[in-house]
Amino acid sequence: MANTLKKDPFSILIAFLLIFIYTESKAQENVQDVVYLKNGSILHGTITDIKVNESITLISNCNDTWIIKQSDIDRIEKEEVAKSKTTESFEYKRKGFYSNINVNFLFGGELESPFPPLSLTFVNGYQFDFGLAVGAGIGLELINETYMPVVADLRYTFRNSKVSHFIYVQGGYAVSLGTPDPYDYDYYDFYESDLESKGGFIINPGIGFKINLNEKNAFSFGIGYKYMEVNHTYKEFNGQNIDRTIKYNRITLGFGYHF
């Protein structure tokens, strides 16, 4: 399986997109039609027939059939089915400060081991009640060397239900924490000395979904694309200083805990 993922990381992306579409369609099952009448009445159910400029047919949640003239309708909306008061709430907080820890596996490139490199990120931020969250984070990128990314984190959650879909983008700068080993790179020779990494820019957009446990805690699963470039400097045997930019393109498969 590791060889398959190494050769074709985009198969992970396709599989995750199928899961994303399936869970989104399942979430739509909790949506109902709500008809607001001009006399103040409100009807809940499913619209089964529409006659333009004449009437609509609604099957109510009590399984009654209503034929409603368009002249009597104030507006029609899509709303989530109301939960029973005795049902446990799975809603995640929609407003306030939050934290999350994410572990990502990086697929792509030439892997020398069956296990992909890891990326760890810890983010603190603020969640607005309309779905947008803004935060900042710090982490570790365990690629050829160890880097510490400092990133801004933007994400938008589409609905506040048991399964909540979101999109996100992270961007910032990765600081090098180690000295590159020339033997890890095909284009460096053993005689090159003073090899250093000065870090570089990083950006990581993606999509995912959360499984909300209660109002404060949730698990998340996401997939994205990470672009990272770092700058190396070294001195050749003739004393000439050389600058080199290393670019990484990776598919990320991540798991997170939100609290």
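Descriptive notes on the structure:
- From the largest down, the range 93-258 spans 63, 29, 18 angstrom on the principal axes of its Cα atoms.
- Mean Cα-pair separation over length for the range 31-80, i.e. relative contact order, pairs under 8 Å, 6 or more apart, %: 42 percent
- For the range 157-162, 3J(HN,Hα) per residue [Karplus equation, 6.51 cos²θ - 1.76 cosθ + 1.60, θ = phi - 60°, Hz, x = Gly/Pro]: 9, 7, 8, 9, 10, 4
- In this Cβ point-charge picture (+1 for Lys and Arg, -1 for Asp and Glu), the range 31-80 has a dipole of about 160 debye about its Cα centre.
- Dimensions of the range 196-239 from C-alpha coordinates, computed as largest minus smallest value along each principal axis and given longest first, are 63, 18, 12 Å.
- For T146, nonlocal amide neighbours, meaning residues 5 or more places apart or on other chains whose placed amide H falls under 5 Å from its own, are L177, G178.
- For L213, distant residues with modelled amide H under 5 Å away: A218, F219
- Across all directions, the average flat footprint of the convex hull enclosing the Cα atoms of the range 31-80 is 3.2 nm².
- Residue order, fewest to most surrounding Cβ atoms within 10 angstrom, among M228, M148: M148, M228
Bear in mind these aren't lab numbers, they're just calculated from the coordinates by the rules spelled out. On a predicted model such as this, the values are computed, not experimentally measured, just so you know. Note: ideal-geometry Cβ built from the backbone for every residue, glycine included; neighbour counts use all protein chains shown.
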